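I have placed the structure first, in the form of structure tokens, so that the comments after it can refer back to it.
Nothing in this text is a laboratory measurement; each read-out follows from the coordinates by a stated rule. Quick caveat: nothing in here was measured; it's all calculated off a predicted structure. Counting neighbours? That spans all protein chains shown, and the Cβs are built from the backbone with ideal geometry, glycine included.
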């Protein structure tokens with residue numbers, strides 16, 4: 001008798017299948033980020049003894065501030081270098097984009113493709129669909145950042161061992177939380193509206209705007225207040241890679257993310273699903 | 001027989017757009033119930049309310065005596081459903097997909113799934129996107145029937161199937177009925193409903209216009225009859241007959257075309273007074289019944305499907 005045992009385990013739940021669906025694209029996301037990080041680490045030895053460059057960059061302080069660089073000297077420290085490439089720059093944007101793509105696909109994408117109809121026919125609650133898909137997103141975010149943390153641990157000798165264990169963990173937990181927030185936002189908008197284009201547009205727009213304002217507020221005093229509205233501010237203002245866990249700031253990211261998951265649950269549970 | 005589906009005063013609006021209005025419907029255990037109407041009349045809306053994809057604006061819907069909204073999970077455990085526009089995961093093979101759905105349903109035994117796939121001559125190991133529309137529909141049907149559900153809800157089930165597979169599908173429906181299980185299917189393919197259904201509800205512009213036994217509908221059907229005489233007979237001879245809805249001369253000059261509603265008796269007796277060479281009739285089918293109901297609405301509808 002053919003039984004359910006013939007079905008591969010990852011396909012026996014929505015959670016498992018959501019992860020399984022990413023099996024081809026995950027290596028590219030992780031590989032791309034890891035590549036960026038490795039190149040950054042390997043560039044350190046050639047940067048560290050260039051006092052002349054540092055003097056040059058001092059004149060560009062306002063521009064550097066836009067990218068979250070407090071002083072030119074930071075650029076040439078391991079922490080400054082990695083922040084400028086990864087955690088306050090392109091790296092965190094990629095993590096945010098990944099989270100948004102998964103958060104959008106979770107509900108709005110599934111509705112847009114029409115596959116939500118059969119999913120809803122199963123003897124499983126709408127809440128469970130939302131939570132399983134969100135759990136898959138969270139697990140993959142943790143996976144990405146765990147991999148980046150390993151790269152940092154392995155690469156630390158190249159950086160003269162100047163990164164702390166605390167710092168590495170804090171930076172990657174923080175980056176996970178930033179992804180968690182953006183993913184939850186996309187999930188929430190998808191849950192409330194069911195519209196893929198709108199979900200992607202608003203989420204990605206917020207990602208870009210948040211990055212822009214978090215940077216520009218460093219040089220434009222009048223925009224200082226906008227920083228508080230960006231996840232990047234709560235992630236990086238205490239420089240976790242240098243200083244370890246800013247518990248209060250990270251809690252803000254976590255709580256906002258959880259509230260957004262709640263909004264997604266509420267929004268998806270209450271409305272018609274029109275495929 | 002106990003009622004399996006009870007819809008009372010169901011009204012569903014999408015904002016201000018009409019879905020269905022004031023629909024009353026009861027489907028009993030062991031019957032095949034057809035739901036007929038043109039596209040946009042509200043068939044899919046009704047089906048989707050049944051399975052809790054859509055929430056009623058007003059009215060009540062129960063399945064197995066359970067509330068469609070509150071007890072949706074308990075209901076879903078006992079039903080199979082085929083969407084009108086089947087969308088599945090393009091990159092998964094049918095086997096992976098069906099295994100996935102079986103898993104989240106809690107179905108342990110996959111032998112029915114394999115039997116159905118064999119019966120419909122479906123290769124399970126190709127990615128869904130590579131299937132023809134007929135094969136996609138087969139995957140959908142296997143999905144709907146594989147858990148041997150007590151109630152199967154099918155939205156336009158046979159539209160993409162080739163004639164041979166349609167016959168197989170009808171045979172499957174007969175077996176399901178034989179086993180005391182219930183089928184609720186929507187269709188605008190009239191001969192199909194005529195072939196499989198015991199009772200039929202006809203919906204138009206979101207409102208039910210009739211719920212009847214298929215046999216009764218057939219009895220009331222408009223039938224077309226072409227009669228060839230040995231010599232020309234004037235149309236006026238038959239104009240007074242109350243059961244003759246229409247009569248017109250055919251191009252050969254010796255034949256008349258009749259449209260008869262209900263009993264043939266009157267016409268046959270009138271014809272007997274002439275020398276008749278040939279009579280040909282198209283069987284009364286729901287197509288004709290349909291024309292009767294939609295006579296003033298032949299251009300369909302504008303509502304939401």
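The helix-based estimate of mean residue ellipticity at 222 nm for chain A, built from -39,500 (n - 2.57) per DSSP H run of four or more residues and divided by its residue count, is -22000 deg cm²/dmol to the nearest 500. Modelled this way, with points 7 Å down the Cα-to-C-beta line, the labels at residue B:133 and residue A:271 are 3.0 nm from one another.
Given R₀ = 22 Å, FRET efficiency for residue B:224-residue B:162 by Cβ-Cβ distance, to 0.05? According to the calculation, E is roughly 0.20. For a modelled paramagnetic label at residue B:263, 7 Å from Cα along Cα-to-Cβ, the residues of the stretch B:211-225 in reach, with backbone nitrogen under 14 Å, are B:220. Beta bridges per DSSP, both residues in the protein assembly as shown: antiparallel share near 70 percent.
Taking label points 7 Å from Cα along the Cα-to-Cβ direction, residue B:242 and residue B:112 give a separation of 5.2 nm. Helix A:126-155 and the long axis of chain A differ in direction by around 30°, with both axes built from C-alpha atoms. Only beta bridges with both residues in the stretch B:3-216 are counted; by DSSP, about 55 percent of them are antiparallel. With contacts taken as Cα pairs under 8 Å and at least 6 residues apart, chain B reaches a relative contact order of 23 percent. With a 10 Å cut-off around each Cβ of B:92-105, the average count of Cβ atoms from other chains is 6.
Please label the shape of the stretch A:84-224 as rounded, prolate or oblate, based on the square roots a ≥ b ≥ c of the eigenvalues of the alpha-carbon gyration tensor (a/c under 1.5 means rounded; beyond that, a/b larger than b/c means prolate, else oblate). Note, shape of the stretch A:84-224 comes out oblate. Projecting label points 7 angstrom from Cα along Cα→Cβ for residue A:128 and residue A:223 puts them 4.7 nm apart. Take the Cα of residue B:279, go 7 Å toward its beta carbon, and the backbone nitrogen atoms of the stretch B:205-227 under 13 Å from that spot belong to B:224-227.
Mean sequence separation of contacting Cα pairs (under 8 Å, at least six apart), scaled by the length of chain A, corresponds to a relative contact order of 25 percent. Which one of B:153, B:73, B:104 has the biggest mean-square fluctuation once chain B is modelled by GNM with Cα springs under 10 Å? Result: B:104 has the largest fluctuation of those listed.
For the pair residue B:123 and residue B:91, a Förster radius of 25 Å applied to the C-beta separation gives a FRET efficiency near 0.90, rounded to the nearest 0.05. Tell me, what is the FRET efficiency for residue B:270 and residue B:232 to the nearest 0.05, using R0 = 22 angstrom and their Cβ-Cβ distance as r? So, using R0 = 22 Å, E works out to roughly 0.85.
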